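FYI, it's all coordinate maths here, none of it is from the lab. Quick caveat, the model's predicted, so the values are computed rather than measured.
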């Protein structure tokens, strides 16, 4: 079963502000689904999105996220 994340959980995962996550979702920047007034995110899809952005356009996401991922040992 896929892991579904809330805006708050995704913000913590990406080390971004919740408002930034909501803006990215509303603008179609990150893979998301809106259920009523709430956004939900598939961790698997977010990981794929991150991998694609990190390989192709590090500048398209906050540099702090990239630095945090490098610190955690993930790529």
Subtracting the Cα-Cα distance from 0.36 nm times the residue separation, let me have the gained length for residue 44 to residue 20 in nm, one decimal.
6.7 nm
Quote to one decimal, in nm, the extra length available between residue 35 and residue 8 on full extension: 0.36 nm per residue of separation minus the C-alpha distance between them.
8.2 nm
